[in-house]
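Presented below is the structure to which this report refers.
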Amino acid sequence: MKRTPKDQDHSHRTLTRRTLLLGGLQLGFTGALAMRMRFLQVDQADQFRLLAEENRINIRLLAPSRGEIYDRNGIIIAQNSPSYRIVLVPEDAGDVEGVIENLTRLLPLDTEDLERARAEMRRSRPFLPITLADQLSWDDISKVAVNAPALPGITPEVGLSRVYPQGADFAHVVGYVGPVSDYDLSKMESPDPVLLTPRFQFGKVGFESKREETLRGKAGTKRVEVNAAGRIMRELDRREGQPGADVQLTLDADLQSYVQARLGNESAAAVVIDVENGDLQAICSSPSFDPNLFVRGISVADYSALTEDPYRPLANKTVQGTYPPGSTFKMVTALAGLESGVITPEETTWCPGHLEVSGRRFHCWKRAGHGHVNLLDSLKSSCDVYYYDLAIKVGIDRISEMANKLGLGIRHDIPMSAVAAGLAPNREWKSRTYGQDWLVGDTVNASIGQGYMLASPMQLAVMTARIANGRSVTPRLVKSINGVEQPSGAGEMIGLTPSYLDHVRKAMYAVSNDRRGTGYRSRIIADGMRMAGKSGTSQVRNITAAERATGVIHNRDLPWERRDHALYVCFAPYDKPKYAVAVVVEHGGGGSSTAAPVARDVLLQALYGGTPPLEAYPTGDRRKIKAQQERLERERIKRSDGKESDQA
C-alpha cells in the first residue's frame, strides 16, 4: 500500500529524532571517554608513572658494616672478617637434590644446615638464593669455584661476619652477636628494616647489645629492575650505607688477659679501676667462654657444657653477681660513725669475742676477742664487735646513706648486660619489701656486710676508688666513639670530711703493712707502690650454737657450694692512689688467704704496666711468684697461639 506524504513526513521526523538522540548519546560517551583519558594520561600521569616504576623497580637494603671495638691502646677486640658462604638458586639448579649431593662430595656439609635450607626452599620462590653453608674457608670456596660446571645454580659469596680475636678474655664485657630471631624482633616496637635482612648479625648480650645502634650503622640501598615474576634483571644504581661507629674501650687488653689468666679456673671476678678518672682497666669474670662459638652457631653439646657448669661461665660475675661484702663493708660503717659524730678515731671499744644483742649472741671471728680496739685497730685486725657496737649507735639509715654515697646499692650506668644495683637496705626498704619492722639484729648483721647487704665486684671497686681519692668516681667503659673522647668519670668531691677519710685510709694501709694486719702476707714492699686494702669473708651458711661449741667446721672440710666467699679490696700507691682493685672468689674461703694474693698481683701488674719485678714482692714469696709468672707467660703464649689458629 502506498504511503501518503503525511505518513512519510511523520516517519522522517521520527527517524531524525532517533538519529539525533543516538548521535547525542554517542557524542556524550565519546566526550566522557576523552575526558577520562585526558584525566588519566595528563592529570594523573605522574601518579601512574610512579606506580609503573614501583612495579618495575625494587629498592633493596644493603647491610652496613658493623663498627669495630678496640682497647684503650688500639688493640682490636671485635672486628669484621670476610665470611664465605655457598648459596643455591633452585630454579637454576634443576635437579636440586642432585646438585646438593655433588656438593657434599666436595664439602662436609652439616646435616642440620641442609635441612634448614630445604625448609627455606619450600617456602621461597624458586629464583631466590638459599644459603647452604656458611663460615667456610677460602679453600672450600676454591673447590666449589673449580667445580662450577658440575654445580649449576651454586654460587660462592663473600660477606662480613663478627670475629673476636681475644677469645674468652673479653667475652663477658663485649658479649657477642648472632642472627636476628623472631624473639628479638618481638621485643622491638618498630624494628629497623635492615634487621630483616637474611643472616644479619645483631648484638645479643654485653656491649654488642647495649650499644647496638651505635655499632650497627645505617643501611644503604640499591635499585634493581625486576620482571613481572619478581626476578632481578639488572642493578640500576647503588647507594652505600653508613658504617657503624668504631668504639675504643677504656680496658687494657694486656692487663685484661693477665687478670683472666690469674683468676685461673676459680669461680671468681676482678675489677681494676683508675681512681683518677673512673676508667675501667680490666673487668674479668671466671671461668669465661669463647664468644666466637655463638657467632658461628654453638653446638648443643658446647652450650650444655656451659649451662651445666656449677661455676656458671656464662654469668658476668663482675656486674651481675652480688655478694655479701663481708668485712670490706666495715669502712662504710666506720665513715658513717665518724661523719655522724658517734665516735672519734681514737675512741675504743671492748671486744671479748662477742656482743649480746636482744638476747642473741653475735660472735667476733676471733673467739677470744681483740680486747680494747680503736678505729685503726678494728680495721687492721677486722674486729667484728667494734662494728656491731658502732652500728647500733649509728643506725641503719645512716649506714645505708653512706653506702649509697660510696657507690653501693646504686646501679652504675655502664653498657654491659644485667648490671645489678646490689642492696644497701634501710628501714623503709624492709617495710616495703617484707612488710616487717627493721630489727636491731638486722643492723648488727649489716655492720659487717652480712644479712641483707649485697654488692657486686664493680661496686666494691667504685667504693674503694672513692675512699682512695675522696671524689665521686663513676666507672667509665667507653673511651671514645669514632675518635671523639667521652666524658670522664672523675666526678666531684664526695663531701666527706678529709680527716676522716684519711683515718680510714691509714687503717687500710695498716691492714696490708702492719705485721698484725689481716692482709700482711700479701703486701707490696716496693717503695712508692705500697698498698692499702681490706679483706672480707662472707658466710653463705648459718653456724649453729652446737657447731660453735664443738668447733666451727673449716671451709676445706665443707662442700664447695657451702664455703665462704673470699673478698679483697685495695688501692695503690698509698701516697698517690692510681688504681683500685676488687676481687671476689666464690666459695674461696678466707679473703686474706685466697682473694688478697690475687688482688695484690693484679694491682702490681696494673701499676707496672706489665710483669712487675720480683723485688716488689716480699722475699719469702719470690720463688713462688717467679714460678707463677713463668707459668702464666706460658699459658698466655699458648692462648695467643690458639687465637691465631682460630682466626686462620
Practice item. Mind jotting down the distance between the C-alpha centroids of the range 410-454 and the range 232-292, whole Å? Key: 31 Å
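Between beta-carbons, use under 11 Å as the cut-off and find the net charge around GLY536, counting Lys and Arg +1, Asp and Glu -1.
Charge balance near GLY536 sits at +1.
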Check your understanding: LEU314 to GLN242: extension gain in nm, 0.36 nm per residue of separation minus the Cα-Cα distance?
Key -> 22.6 nm
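For the range 290-369, with only Lys/Arg (+1) and Asp/Glu (-1) charged at the beta-carbon, what is the dipole magnitude about the Cα centre, in debye rounded to 20? Let's see the in-between values first.
Details: 8 positive and 8 negative charges, 51 e Å.
Rounded to the nearest 20 debye, it is 240 debye.
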Revision key, fill the gap. Counting sequence-distant residues (5 or more places) and residues on other chains, those with an amide H built under 5 Å from that of HIS370 are CYS351, GLY353
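State the extension gain, in nm to one decimal, for the chain segment bounded by LEU306 and VAL158, taking 0.36 nm per residue of separation less the distance between their alpha-carbons.
Working: separation 148, 0.36 × 148 = 53.28 nm, distance 3.13 nm.
So the extension gain works out to 50.2 nm.
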Review point. Which entry is the computed P(r) over Cα pairs in 10 Å bins from 0, in percent for this structure: (1) 3, 14, 23, 22, 17, 11, 5, 3, 1, 0, 0, 0; (2) 3, 12, 15, 12, 10, 9, 8, 7, 6, 5, 4, 3, 2, 2, 1, 1, 0, 0; (3) 3, 13, 20, 18, 13, 10, 7, 5, 3, 2, 2, 1, 1, 1, 0, 0?
Key: (3)
**Study point:** Net +/- balance of residues flanking PRO310 in space, Cβ distance below 14 Å, scoring K and R +1, D and E -1
**Key:** -1
Review point. Past the 24 Å Cα-Cα mark, which pairs from LYS366/LYS534; LYS204/LYS638; LYS187/LYS317; LYS210/LYS479; LYS330/LYS393?
Key: LYS204/LYS638; LYS187/LYS317
**Study point:** TYR434 versus SER190: modelled label distance in nm, points set 7 Å from Cα along the beta carbon direction
**Key:** 4.7 nm
Exercise for review: Using only alpha carbon pairs under 8 Å that are at least six residues apart, calculate the relative contact order of the range 81-159 and give it in whole percent.
Suggested key: 60 percent
Study note, to complete from the structure: When VAL357, VAL598, VAL96, VAL300 are arranged by how many other beta-carbons sit within 10 Å of their Cβ, fewest first, they go VAL300, VAL357, VAL96, VAL598
Exercise for review: Sort out for me the Cα centre separation of the range 586-620 from the range 478-539, rounded to whole Å.
Suggested key: 14 Å
Point to revise | Estimated FRET transfer efficiency when R0 is 56 angstrom, pair ARG105-VAL540 (beta carbons, to 0.05) | key: 0.45
Study note, to complete from the structure: Per the charge dipole of the chain (beta-carbon charges, Lys/Arg positive, Asp/Glu negative, Cα centre), the residue among LEU379, GLY422, THR433 reaching farthest to the positive end is THR433
**Study point:** Relative counts (whole %) of C-alpha pair distances in the range 181-336, using bins that are 5 Å wide
**Key:** 2, 6, 10, 13, 15, 13, 12, 9, 6, 5, 4, 2, 1, 1, 1, 0
Revision key, fill the gap. A correct Karplus calculation of ³J(HN,Hα) over the range 249-260, with 6.51 cos²θ - 1.76 cosθ + 1.60, θ = phi - 60°, whole Hz and x for Gly and Pro, returns 8, 7, 5, 9, 4, 5, 5, 4, 5, 5, 4, 4
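Quick check for me: using +1 on Lys/Arg Cβ and -1 on Asp/Glu Cβ, what's the dipole size of the chain about its Cα centre, in debye to the nearest 20?
1180 debye
Can you tell me how much longer the chain between SER142 and ILE76 gets when fully stretched, taken as 0.36 nm per residue apart minus their C-alpha distance, in nm with one decimal? Spell out each step's value before the answer.
Numbers: separation 66, 0.36 × 66 = 23.76 nm, distance 2.87 nm.
The span from SER142 to ILE76 would gain 20.9 nm if fully extended.
Could you size up the charge dipole of the range 81-159 around its Cα centre, putting +1 on the beta carbon of Lys and Arg and -1 on that of Asp and Glu, and report it in debye to the nearest 20?
Working: 8 positive and 14 negative charges, 32 e Å.
Here the size comes out at about 160 debye.
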Review point. For ALA507, what is the net charge nearby, where nearby means another residue's Cβ is under 13 Å from its Cβ and Lys, Arg count +1, Asp, Glu -1?
Key: +2
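A short reminder: the numbers here are calculations on the coordinates, not readings from a lab. Just so it is clear, the structure is predicted and the values come from calculations on it, not from any experiment. Backbone-built Cβ (ideal geometry, glycine too); neighbour counts: all protein chains shown.
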